[in-house]
Amino acid sequence: MSSTNKVALVLSYQYPGKYALTVLAGAVESDPVGREVALRFPRDRDSLLASVRECLDEGYQVVVAWSFYSASFPAAAEELAWLRERLEGREVLCISGGVHATAETEQTLQAGFDLVAVGEGEAILLDLLGRMMRGEDPRQTRGFSQLVEGRVVPRGRGEGVVLDHYPPFAARNMKFGAIEITRGCIYACRFCQTPFLNKARFRHRTVENIAHWTRVLREAGKRDVRFITPTSMSYGTQDESMNLEAVERMLAAVREAMGPEGRVFYGTFPSEVRPEHVTPEALALLKRYVDNDNLIIGGQSGSERILQETRRGHDVETVVRAASLAVEWGFVPNVDFILGLPGETPEDVRATLELMRRLAHVGAKVHGHTFMPLPGTPYRDAPPGSVDDETRRELDRLASQGRLYGHWKQQVRLANGIATRRQPRR
(Lines give C-alpha, C1' and ligand atoms only; values in the text may rest on other atoms or scores of the structure.)
Protein backbone atom coordinates (compact mmCIF):
# COMPACT_ATOMS: atom_id res chain seq x y z
CA MET A 1 0.00 0.00 0.00
CA SER A 2 1.41 3.40 -0.98
CA SER A 3 0.83 6.38 1.27
CA THR A 4 1.10 10.14 0.90
CA ASN A 5 2.40 10.85 4.38
CA LYS A 6 4.80 9.09 6.70
CA VAL A 7 3.23 8.60 10.12
CA ALA A 8 4.86 7.58 13.41
CA LEU A 9 2.98 6.45 16.51
CA VAL A 10 4.98 7.11 19.69
CA LEU A 11 3.53 5.32 22.72
CA SER A 12 4.28 6.52 26.25
CA TYR A 13 5.04 2.93 27.18
CA GLN A 14 4.98 3.10 30.96
CA TYR A 15 3.17 1.23 33.72
CA PRO A 16 0.21 0.93 34.03
CA GLY A 17 -0.77 2.29 30.61
CA LYS A 18 1.56 -0.01 28.72
CA TYR A 19 -0.89 -2.92 29.00
CA ALA A 20 -3.52 -1.11 26.92
CA LEU A 21 -0.86 0.29 24.59
CA THR A 22 0.49 -3.22 23.95
CA VAL A 23 -2.96 -4.22 22.68
CA LEU A 24 -3.24 -1.10 20.51
CA ALA A 25 0.24 -1.67 19.10
CA GLY A 26 -0.82 -5.20 18.19
CA ALA A 27 -3.82 -3.82 16.31
CA VAL A 28 -1.59 -1.39 14.43
CA GLU A 29 1.14 -3.83 13.44
CA SER A 30 -1.35 -6.44 12.21
CA ASP A 31 -3.41 -4.10 10.01
CA PRO A 32 -2.55 -3.27 6.35
CA VAL A 33 -2.69 0.45 7.16
CA GLY A 34 -0.87 0.13 10.42
CA ARG A 35 2.04 -1.86 9.00
CA GLU A 36 3.28 1.33 7.33
CA VAL A 37 3.20 3.23 10.61
CA ALA A 38 6.48 3.55 12.49
CA LEU A 39 5.97 2.39 16.09
CA ARG A 40 8.08 3.60 19.01
CA PHE A 41 7.92 2.44 22.65
CA PRO A 42 9.77 4.92 24.89
CA ARG A 43 9.69 3.94 28.57
CA ASP A 44 10.50 7.28 30.24
CA ARG A 45 10.29 11.01 29.63
CA ASP A 46 13.72 11.48 28.16
CA SER A 47 13.36 8.64 25.67
CA LEU A 48 9.83 9.88 24.83
CA LEU A 49 11.20 13.29 23.92
CA ALA A 50 14.10 11.74 21.99
CA SER A 51 11.75 9.44 20.03
CA VAL A 52 9.43 12.29 19.06
CA ARG A 53 12.30 14.54 17.98
CA GLU A 54 13.89 11.74 15.96
CA CYS A 55 10.64 10.98 14.14
CA LEU A 56 10.04 14.67 13.40
CA ASP A 57 13.59 15.05 12.06
CA GLU A 58 12.99 12.06 9.76
CA GLY A 59 9.93 13.72 8.24
CA TYR A 60 7.16 11.81 10.01
CA GLN A 61 3.83 13.18 11.11
CA VAL A 62 3.92 12.22 14.76
CA VAL A 63 1.11 10.94 16.98
CA VAL A 64 1.96 10.59 20.67
CA ALA A 65 -0.41 8.36 22.65
CA TRP A 66 -1.12 7.84 26.34
CA SER A 67 -3.45 5.45 28.15
CA PHE A 68 -4.08 5.82 31.86
CA TYR A 69 -6.30 5.01 34.79
CA SER A 70 -7.72 7.72 37.04
CA ALA A 71 -4.91 7.37 39.57
CA SER A 72 -2.23 7.92 36.92
CA PHE A 73 -3.99 10.75 35.06
CA PRO A 74 -2.03 13.55 36.82
CA ALA A 75 1.32 11.99 35.89
CA ALA A 76 0.25 11.64 32.24
CA ALA A 77 -0.98 15.24 32.10
CA GLU A 78 2.27 16.45 33.64
CA GLU A 79 4.30 14.44 31.12
CA LEU A 80 2.27 15.92 28.26
CA ALA A 81 3.01 19.48 29.45
CA TRP A 82 6.69 18.61 29.92
CA LEU A 83 6.90 17.22 26.38
CA ARG A 84 5.16 20.17 24.72
CA GLU A 85 7.42 22.66 26.47
CA ARG A 86 10.53 20.94 25.16
CA LEU A 87 9.23 20.53 21.61
CA GLU A 88 9.13 24.34 21.40
CA GLY A 89 6.12 24.52 19.12
CA ARG A 90 6.98 21.64 16.80
CA GLU A 91 3.71 20.08 15.70
CA VAL A 92 2.67 16.71 17.10
CA LEU A 93 -0.79 15.23 17.67
CA CYS A 94 -1.19 14.19 21.31
CA ILE A 95 -4.00 11.71 21.98
CA SER A 96 -5.17 9.73 24.97
CA GLY A 97 -7.64 7.02 25.88
CA GLY A 98 -8.59 4.51 28.51
CA VAL A 99 -11.13 4.36 31.30
CA HIS A 100 -10.38 7.79 32.77
CA ALA A 101 -10.31 9.56 29.41
CA THR A 102 -13.63 7.98 28.47
CA ALA A 103 -15.32 8.85 31.75
CA GLU A 104 -13.78 12.32 32.17
CA THR A 105 -13.38 13.44 28.56
CA GLU A 106 -13.61 17.19 29.24
CA GLN A 107 -11.09 17.07 32.08
CA THR A 108 -8.68 15.09 29.91
CA LEU A 109 -9.00 17.54 27.01
CA GLN A 110 -8.50 20.48 29.34
CA ALA A 111 -5.22 18.91 30.43
CA GLY A 112 -3.94 19.61 26.92
CA PHE A 113 -4.54 16.45 24.89
CA ASP A 114 -5.58 17.25 21.31
CA LEU A 115 -7.95 14.31 20.97
CA VAL A 116 -9.47 11.89 23.47
CA ALA A 117 -10.59 8.42 22.45
CA VAL A 118 -13.97 7.58 23.96
CA GLY A 119 -14.68 3.86 24.35
CA GLU A 120 -12.61 1.06 22.82
CA GLY A 121 -9.60 2.14 20.84
CA GLU A 122 -8.47 -0.46 18.31
CA ALA A 123 -10.66 0.45 15.34
CA ILE A 124 -10.73 4.21 15.87
CA LEU A 125 -6.93 4.43 16.24
CA LEU A 126 -6.48 2.64 12.91
CA ASP A 127 -8.98 5.01 11.32
CA LEU A 128 -7.09 8.03 12.66
CA LEU A 129 -3.73 6.76 11.39
CA GLY A 130 -5.22 5.98 7.98
CA ARG A 131 -6.60 9.50 7.71
CA MET A 132 -3.22 10.99 8.49
CA MET A 133 -1.50 8.82 5.91
CA ARG A 134 -4.01 9.97 3.28
CA GLY A 135 -3.54 13.62 4.24
CA GLU A 136 -6.99 13.94 5.81
CA ASP A 137 -7.87 15.74 9.04
CA PRO A 138 -7.45 13.32 11.97
CA ARG A 139 -9.73 15.50 14.10
CA GLN A 140 -12.67 14.24 12.07
CA THR A 141 -12.11 10.65 13.17
CA ARG A 142 -15.23 9.12 14.66
CA GLY A 143 -14.71 8.02 18.27
CA PHE A 144 -12.49 10.96 19.25
CA SER A 145 -13.57 14.11 21.08
CA GLN A 146 -11.85 17.50 20.96
CA LEU A 147 -12.14 20.97 22.44
CA VAL A 148 -13.33 23.74 20.13
CA GLU A 149 -13.40 27.20 21.71
CA GLY A 150 -13.48 25.61 25.14
CA ARG A 151 -16.40 23.31 24.36
CA VAL A 152 -16.21 19.53 24.01
CA VAL A 153 -17.11 18.40 20.50
CA PRO A 154 -17.77 14.64 20.55
CA ARG A 155 -17.70 12.43 17.50
CA GLY A 156 -19.30 9.27 18.86
CA ARG A 157 -17.36 6.52 20.58
CA GLY A 158 -15.33 3.45 19.80
CA GLU A 159 -17.79 0.60 19.97
CA GLY A 160 -17.10 -2.89 21.28
CA VAL A 161 -14.71 -4.84 19.09
CA VAL A 162 -14.63 -8.56 18.29
CA LEU A 163 -11.55 -9.75 20.20
CA ASP A 164 -10.63 -12.32 17.56
CA HIS A 165 -10.18 -9.50 15.02
CA TYR A 166 -7.18 -8.10 16.92
CA PRO A 167 -4.05 -9.60 18.48
CA PRO A 168 -3.74 -9.50 22.28
CA PHE A 169 -0.20 -8.08 22.01
CA ALA A 170 2.37 -6.71 19.55
CA ALA A 171 4.41 -9.79 18.63
CA ARG A 172 6.29 -8.23 15.71
CA ASN A 173 7.65 -5.60 18.05
CA MET A 174 8.25 -8.16 20.81
CA LYS A 175 5.83 -6.45 23.18
CA PHE A 176 4.00 -9.23 24.97
CA GLY A 177 1.45 -9.26 27.76
CA ALA A 178 -1.35 -11.29 29.23
CA ILE A 179 -3.91 -12.53 26.69
CA GLU A 180 -7.27 -10.80 27.02
CA ILE A 181 -9.82 -13.58 26.69
CA THR A 182 -12.94 -11.70 27.84
CA ARG A 183 -13.91 -8.04 27.61
CA GLY A 184 -16.90 -6.50 29.39
CA CYS A 185 -18.63 -7.77 32.51
CA ILE A 186 -22.24 -8.57 33.40
CA TYR A 187 -21.56 -8.01 37.10
CA ALA A 188 -22.13 -4.28 37.39
CA CYS A 189 -20.39 -3.77 40.76
CA ARG A 190 -20.94 -0.13 41.65
CA PHE A 191 -17.26 0.62 42.36
CA CYS A 192 -15.83 -0.91 39.15
CA GLN A 193 -15.18 0.83 35.83
CA THR A 194 -15.10 -2.29 33.65
CA PRO A 195 -18.83 -2.85 33.00
CA PHE A 196 -19.43 0.86 32.49
CA LEU A 197 -16.63 1.29 29.93
CA ASN A 198 -17.14 -1.94 28.00
CA LYS A 199 -20.87 -2.52 28.64
CA ALA A 200 -22.36 -5.12 30.95
CA ARG A 201 -21.97 -8.14 28.70
CA PHE A 202 -19.21 -10.66 28.03
CA ARG A 203 -17.27 -10.84 24.78
CA HIS A 204 -14.98 -13.86 24.63
CA ARG A 205 -11.99 -14.60 22.42
CA THR A 206 -12.45 -18.02 20.79
CA VAL A 207 -10.49 -21.08 21.89
CA GLU A 208 -8.79 -21.33 18.49
CA ASN A 209 -7.68 -17.71 18.61
CA ILE A 210 -6.40 -18.01 22.19
CA ALA A 211 -4.43 -21.13 21.26
CA HIS A 212 -2.93 -19.38 18.23
CA TRP A 213 -1.64 -16.43 20.23
CA THR A 214 -0.42 -18.74 22.98
CA ARG A 215 1.72 -20.53 20.37
CA VAL A 216 3.04 -17.17 19.15
CA LEU A 217 3.96 -16.29 22.73
CA ARG A 218 5.71 -19.61 23.29
CA GLU A 219 7.57 -19.51 19.95
CA ALA A 220 8.90 -16.10 20.97
CA GLY A 221 10.59 -17.79 23.92
CA LYS A 222 8.12 -16.81 26.61
CA ARG A 223 7.68 -19.51 29.24
CA ASP A 224 4.59 -18.20 31.05
CA VAL A 225 1.11 -17.31 29.81
CA ARG A 226 -1.39 -15.25 31.81
CA PHE A 227 -4.86 -13.97 31.00
CA ILE A 228 -6.96 -10.84 31.36
CA THR A 229 -10.60 -11.38 32.21
CA PRO A 230 -12.92 -9.70 34.71
CA THR A 231 -14.03 -13.13 36.02
CA SER A 232 -11.94 -16.15 35.12
CA MET A 233 -14.55 -18.87 35.45
CA SER A 234 -17.09 -16.98 33.30
CA TYR A 235 -15.28 -17.88 30.07
CA GLY A 236 -17.76 -19.19 27.51
CA THR A 237 -20.89 -17.88 29.26
CA GLN A 238 -23.21 -14.90 28.85
CA ASP A 239 -24.75 -15.09 32.32
CA GLU A 240 -23.90 -15.88 35.95
CA SER A 241 -23.44 -19.59 35.31
CA MET A 242 -20.16 -21.41 34.68
CA ASN A 243 -19.46 -23.32 31.48
CA LEU A 244 -16.71 -25.60 32.76
CA GLU A 245 -16.65 -27.50 29.48
CA ALA A 246 -15.73 -24.29 27.65
CA VAL A 247 -13.11 -23.38 30.27
CA GLU A 248 -11.59 -26.85 29.97
CA ARG A 249 -11.47 -26.71 26.16
CA MET A 250 -9.66 -23.41 26.38
CA LEU A 251 -7.19 -24.47 29.08
CA ALA A 252 -6.47 -27.78 27.35
CA ALA A 253 -5.68 -25.92 24.12
CA VAL A 254 -3.46 -23.47 25.98
CA ARG A 255 -1.68 -26.26 27.83
CA GLU A 256 -0.94 -28.02 24.54
CA ALA A 257 0.26 -24.81 22.90
CA MET A 258 2.65 -24.03 25.77
CA GLY A 259 4.27 -27.47 25.65
CA PRO A 260 5.87 -29.38 28.51
CA GLU A 261 8.19 -26.55 29.54
CA GLY A 262 5.54 -23.81 29.50
CA ARG A 263 3.54 -22.62 32.49
CA VAL A 264 -0.13 -21.66 32.55
CA PHE A 265 -1.43 -19.15 35.13
CA TYR A 266 -5.20 -18.81 35.41
CA GLY A 267 -7.49 -17.40 38.09
CA THR A 268 -4.64 -15.29 39.39
CA PHE A 269 -3.17 -11.87 38.57
CA PRO A 270 -4.15 -10.02 36.38
CA SER A 271 -7.61 -11.55 36.80
CA GLU A 272 -9.70 -13.06 39.59
CA VAL A 273 -12.35 -15.65 40.42
CA ARG A 274 -15.77 -14.79 41.81
CA PRO A 275 -16.36 -16.58 45.14
CA GLU A 276 -19.51 -18.39 43.99
CA HIS A 277 -17.47 -19.90 41.14
CA VAL A 278 -15.04 -21.57 43.55
CA THR A 279 -16.57 -25.05 43.54
CA PRO A 280 -15.00 -28.53 43.84
CA GLU A 281 -15.62 -29.09 40.11
CA ALA A 282 -13.98 -25.82 39.12
CA LEU A 283 -11.00 -26.40 41.41
CA ALA A 284 -10.51 -29.93 40.09
CA LEU A 285 -10.44 -28.53 36.56
CA LEU A 286 -7.88 -25.88 37.48
CA LYS A 287 -5.71 -28.45 39.24
CA ARG A 288 -5.45 -30.41 35.97
CA TYR A 289 -4.21 -27.51 33.88
CA VAL A 290 -2.72 -24.57 35.79
CA ASP A 291 0.65 -23.96 37.40
CA ASN A 292 -0.34 -21.26 39.89
CA ASP A 293 -0.66 -22.29 43.52
CA ASN A 294 -2.85 -19.29 44.42
CA LEU A 295 -6.22 -17.88 43.40
CA ILE A 296 -7.38 -14.27 43.50
CA ILE A 297 -10.92 -14.21 44.92
CA GLY A 298 -13.08 -11.09 45.06
CA GLY A 299 -14.56 -10.69 48.54
CA GLN A 300 -14.64 -6.88 48.91
CA SER A 301 -16.54 -6.61 52.22
CA GLY A 302 -17.53 -8.60 55.29
CA SER A 303 -20.81 -6.72 55.61
CA GLU A 304 -23.89 -8.31 54.08
CA ARG A 305 -25.44 -4.85 53.74
CA ILE A 306 -22.45 -3.41 51.87
CA LEU A 307 -22.25 -6.45 49.58
CA GLN A 308 -25.87 -5.83 48.63
CA GLU A 309 -25.39 -2.07 48.25
CA THR A 310 -22.42 -2.56 45.92
CA ARG A 311 -24.31 -5.20 43.92
CA ARG A 312 -21.66 -7.84 44.37
CA GLY A 313 -24.13 -10.70 43.90
CA HIS A 314 -22.85 -12.95 46.71
CA ASP A 315 -22.93 -13.10 50.50
CA VAL A 316 -20.28 -13.39 53.20
CA GLU A 317 -20.55 -17.15 53.69
CA THR A 318 -19.89 -17.68 49.99
CA VAL A 319 -16.53 -15.95 50.45
CA VAL A 320 -15.68 -18.13 53.47
CA ARG A 321 -16.70 -21.29 51.63
CA ALA A 322 -14.63 -20.30 48.58
CA ALA A 323 -11.50 -19.71 50.67
CA SER A 324 -11.94 -22.95 52.58
CA LEU A 325 -12.42 -24.97 49.39
CA ALA A 326 -9.41 -23.35 47.75
CA VAL A 327 -7.20 -24.32 50.70
CA GLU A 328 -8.64 -27.84 50.68
CA TRP A 329 -7.64 -28.20 47.00
CA GLY A 330 -4.10 -26.91 47.56
CA PHE A 331 -4.48 -23.27 46.53
CA VAL A 332 -3.63 -20.23 48.64
CA PRO A 333 -6.68 -17.95 48.37
CA ASN A 334 -5.83 -14.26 48.09
CA VAL A 335 -9.08 -12.49 48.93
CA ASP A 336 -9.57 -8.88 47.79
CA PHE A 337 -11.18 -6.36 50.15
CA ILE A 338 -12.04 -2.70 49.58
CA LEU A 339 -11.75 -0.51 52.67
CA GLY A 340 -13.84 2.61 53.12
CA LEU A 341 -16.68 1.75 50.72
CA PRO A 342 -19.47 4.36 50.53
CA GLY A 343 -21.99 4.18 53.36
CA GLU A 344 -19.88 2.00 55.64
CA THR A 345 -20.74 2.23 59.32
CA PRO A 346 -18.47 1.18 62.20
CA GLU A 347 -20.48 -2.07 62.35
CA ASP A 348 -19.73 -2.72 58.66
CA VAL A 349 -16.02 -2.13 59.23
CA ARG A 350 -16.01 -4.50 62.22
CA ALA A 351 -17.74 -7.15 60.10
CA THR A 352 -15.06 -6.79 57.42
CA LEU A 353 -12.24 -7.11 59.97
CA GLU A 354 -13.91 -10.17 61.46
CA LEU A 355 -14.17 -11.77 58.02
CA MET A 356 -10.50 -11.01 57.37
CA ARG A 357 -9.58 -12.78 60.62
CA ARG A 358 -11.79 -15.79 59.74
CA LEU A 359 -10.15 -16.08 56.34
CA ALA A 360 -6.66 -15.79 57.80
CA HIS A 361 -7.56 -18.58 60.23
CA VAL A 362 -8.47 -20.97 57.39
CA GLY A 363 -5.22 -20.18 55.54
CA ALA A 364 -6.13 -17.32 53.22
CA LYS A 365 -4.24 -14.11 52.57
CA VAL A 366 -6.06 -10.80 52.47
CA HIS A 367 -5.36 -8.22 49.77
CA GLY A 368 -6.35 -4.77 50.98
CA HIS A 369 -7.45 -1.88 48.78
CA THR A 370 -8.85 1.52 49.70
CA PHE A 371 -12.01 2.64 47.92
CA MET A 372 -11.41 5.16 45.14
CA PRO A 373 -14.37 7.10 43.65
CA LEU A 374 -13.62 6.14 40.07
CA PRO A 375 -15.03 8.18 37.19
CA GLY A 376 -17.62 6.39 35.10
CA THR A 377 -18.99 4.36 38.03
CA PRO A 378 -22.13 4.90 40.11
CA TYR A 379 -19.82 5.79 43.01
CA ARG A 380 -18.05 8.52 41.06
CA ASP A 381 -19.31 11.27 43.41
CA ALA A 382 -18.89 9.32 46.65
CA PRO A 383 -16.38 10.50 49.27
CA PRO A 384 -12.91 8.92 49.03
CA GLY A 385 -12.22 5.90 51.18
CA SER A 386 -10.61 6.39 54.57
CA VAL A 387 -9.30 4.08 57.28
CA ASP A 388 -9.66 5.00 60.95
CA ASP A 389 -6.84 4.49 63.44
CA GLU A 390 -8.35 1.42 65.11
CA THR A 391 -8.86 -0.31 61.76
CA ARG A 392 -5.38 0.68 60.67
CA ARG A 393 -3.88 -0.96 63.76
CA GLU A 394 -5.80 -4.17 63.13
CA LEU A 395 -4.71 -4.22 59.49
CA ASP A 396 -1.10 -3.67 60.56
CA ARG A 397 -1.41 -6.66 62.91
CA LEU A 398 -2.65 -8.87 60.07
CA ALA A 399 0.20 -7.62 57.87
CA SER A 400 2.78 -8.38 60.56
CA GLN A 401 1.45 -11.96 60.65
CA GLY A 402 1.95 -12.26 56.89
CA ARG A 403 -1.82 -12.53 56.28
CA LEU A 404 -2.46 -9.11 54.68
CA TYR A 405 -0.75 -7.25 51.86
CA GLY A 406 -1.58 -4.52 49.36
CA HIS A 407 -1.22 -0.81 48.68
CA TRP A 408 -4.21 0.32 50.72
CA LYS A 409 -2.21 2.99 52.56
CA GLN A 410 -1.00 4.62 49.33
CA GLN A 411 -4.50 4.33 47.88
CA VAL A 412 -5.88 6.60 50.61
CA ARG A 413 -3.81 9.41 49.08
CA LEU A 414 -4.78 8.41 45.53
CA ALA A 415 -8.48 8.31 46.47
CA ASN A 416 -8.30 11.83 47.90
CA GLY A 417 -6.52 13.03 44.77
CA ILE A 418 -9.22 11.60 42.49
CA ALA A 419 -11.95 13.22 44.60
CA THR A 420 -10.16 16.59 44.58
CA ARG A 421 -9.77 16.64 40.77
CA ARG A 422 -13.26 15.53 39.78
CA GLN A 423 -15.41 18.06 37.99
CA PRO A 424 -19.11 18.72 38.57
CA ARG A 425 -21.50 16.73 36.41
CA ARG A 426 -23.05 18.62 33.49
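Considering the conditions (1) assigned to a loop (DSSP other than H, G, I, E, B); (2) in contact with a helix residue (DSSP H, G or I) (Cβ under 6 Å, 6 or more places away or on another chain); (3) modelled with pLDDT of 95 or more, Ser271 is excluded by exactly one of them, (3). Scan segment 32-47 for residues that are over 23 Å from the mean Cα position of the chain (by Cα) and either modelled with pLDDT of 95 or more or of a type in the set (Gly, Ala, Ser) (or both) and the total you get is 5. Val52 meets the conditions (1) open to solvent by less than 10 Å² (accessible area, probe 1.4 Å); (2) closer than 27 Å to Phe269 by Cα; (3) assigned to a helix (DSSP H, G or I); (4) in contact with a strand residue (DSSP E or B) (Cβ under 6 Å, 6 or more places away or on another chain) in every case but one. The failed one is (2). With the structure loaded, tell me whether Gly262 is over 18 Å from the mean Cα position of the chain (by Cα) and in the same structural domain as Arg218 (by the TED database) or whether it fails that test. Yes: the conditions hold for Gly262. Every listed requirement among (1) within 30 Å of Ile306 (Cβ to Cβ); (2) open to solvent by 20 Å² or more (accessible area, probe 1.4 Å); (3) assigned to a helix (DSSP H, G or I); (4) not acidic (Asp, Glu) is met by Arg201 save one, (3). Quick one: in segment 209-222, of everything that is in contact with a helix residue (DSSP H, G or I) (Cβ under 8 Å, 6 or more places away or on another chain) and among the basic types (Lys, Arg), which residue is surrounded by the fewest Cβ atoms within 10 Å (Cβ to Cβ)? Among them, the one singled out is Arg215.
Looking at Ala323, Ala360 in this structure, which one is open to solvent by less than 10 Å² (accessible area, probe 1.4 Å) and touching a Leu at 6+ places or on another chain (Cβ under 8 Å)?
Ala323
Condition first: buried (at least 19 other Cβ atoms within 10 Å of the Cβ) and either part of a helix (DSSP H, G or I) or in contact with a Pro (Cβ under 6 Å, 6 or more places away or on another chain) (or both). Now tell me which residues in segment 172-198 satisfy that. Those that are buried (at least 19 other Cβ atoms within 10 Å of the Cβ) and either part of a helix (DSSP H, G or I) or in contact with a Pro (Cβ under 6 Å, 6 or more places away or on another chain) (or both): Ala178, Ile179, Glu180, Cys185, Thr194, Pro195, Phe196, Leu197, Asn198. Residue count for segment 63-78 satisfying the condition of being outside any helix (DSSP H, G or I) and at pLDDT below 95: 2. Restricting Pro275, Pro260, Pro280 to residues that are over 14 Å from Arg226 (Cα atoms) and either free of Cβ contacts under 8 Å to residues at least 12 places away in the same chain or of a type in the set (A, V, I, L, M) (or both) narrows the list to Pro260. When Arg43 is tested against (1) assigned to a helix (DSSP H, G or I); (2) open to solvent by 10 Å² or more (accessible area, probe 1.4 Å), only condition (1) is not met. State whether the residues of segment 63-81 include one that is of a type outside the set (Asp, Glu) and more than 26 Å from the chain's Cα centre (by Cα). Checked segment 63-81: no residue is of a type outside the set (Asp, Glu) and more than 26 Å from the chain's Cα centre (by Cα). Scanning segment 95-108 for residues that are at pLDDT 95 or above and surrounded by fewer than 21 Cβ atoms within 10 Å (Cβ to Cβ) yields Glu106, Gln107. Taking segment 79-171 and the strands (runs of 3 or more DSSP E) fully enclosed by it, the elements with 3 or more residues that are in contact with a helix residue (DSSP H, G or I) (Cβ under 7 Å, 6 or more places away or on another chain) and either at negative phi or free of Cβ contacts under 8 Å to residues at least 24 places away in the same chain (or both) are at 93-97, 115-117, 144-148.
Looking at segment 408-417, can you tell me whether even one residue there is farther than 23 Å from Leu197 by Cβ, in contact (Cβ under 8 Å) with a residue 12 or more places away in the chain and in contact with a strand residue (DSSP E or B) (Cβ under 7 Å, 6 or more places away or on another chain)? Checked segment 408-417: at least one residue is farther than 23 Å from Leu197 by Cβ, in contact (Cβ under 8 Å) with a residue 12 or more places away in the chain and in contact with a strand residue (DSSP E or B) (Cβ under 7 Å, 6 or more places away or on another chain).
For Glu390, the test of being modelled with pLDDT under 95, out of contact with any strand residue (DSSP E or B) (no Cβ under 7 Å at 6 or more places or on another chain), surrounded by fewer than 20 Cβ atoms within 10 Å (Cβ to Cβ) and assigned by the TED database to the domain that holds Val320 is passed.
Within segment 233-248, the set of residues being within 18 Å of Pro195 (Cα to Cα) and open to solvent by 40 Å² or more (accessible area, probe 1.4 Å) comprises Gln238, Asp239, Glu240, Ser241.
The values are calculated or read from the model by the stated rules, or taken from the named source; none is laboratory data. The structure presented is a predicted model; accordingly, all values stated were derived computationally and were not measured. Note that each Cβ is placed from the backbone with ideal geometry, even for glycine, and that neighbours are counted across all protein chains shown. Keep in mind that these areas ignore ligands, DNA and RNA; they rest on the heavy atoms of the full protein, side chains included. Shrake-Rupley method; radii C 1.70, N 1.55, O 1.52, S 1.80 Å.
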